[in-house]
1. So A18 ticks every box in (1) assigned to a helix (DSSP H, G or I); (2) at pLDDT below 95 but one. Which box is left unticked?
2. Filtering the stretch 42-95 down to residues that are part of a helix (DSSP H, G or I) and among the acidic types (D, E), which residue is nearest to T17 (Cα to Cα)?
3. Given the criterion surrounded by 11 or more Cβ atoms within 10 Å (Cβ to Cβ) and at positive phi, identify the matching residue among G22, G37, G28.
4. Take the stretch 53-85 and flag every residue that is surrounded by 12 or more Cβ atoms within 10 Å (Cβ to Cβ) and either closer than 30 Å to G28 by Cβ or within 23 Å of the chain's Cα centre (by Cα) (or both).
5. Please list, ordered by first then second residue, the pairs with beta carbon atoms under 6 Å, 6 or more apart or interchain, first in the stretch 39-64 and over 22 Å from L13 (Cα atoms), second part of a helix (DSSP H, G or I).
Amino acid sequence: MKTSESTRPISYLKAHTAEAIGQVAETGKPLIITQNGYAKAIVQDLKSYEDTQESLALLRIITQSKKSTERTRPKTVAQAFKSVRRRAADYANGA
């Protein structure tokens, strides 16, 4: 889908909220909302949002691991996996 096809003014969202949410849920593609001609917000389906948050959490873990490796002696593979699992569990629990 082209960006122009997934961009709508805020007035459209106000008048067609259920339709817009249905479209986003069905296609999995975000809807860009404009105000005064400028992109201001994105409506995204829940699964895509959760997938994005999970990806960001994994990227944070990778970045932290890289920094840790640069500062200290690298961990063994077993230690690294244990640490990643612990951090992922902490993140999933809102820590």
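The values are calculated or read from the model by the stated rules, or taken from the named source; none is laboratory data. Source: prediction; values computed, not measured. Positions of Cβ are generated from backbone atoms using ideal geometry, with glycine treated the same way; all protein chains shown enter the neighbour counts.
1. Going through the list (1) assigned to a helix (DSSP H, G or I); (2) at pLDDT below 95, A18 breaks only (2).
2. That would be E50.
3. Answer to the check: G28.
4. E54, A57, L58, R60, I61, Q64, S65, S83, V84
5. A57/Y91; I61/V84; I61/R87
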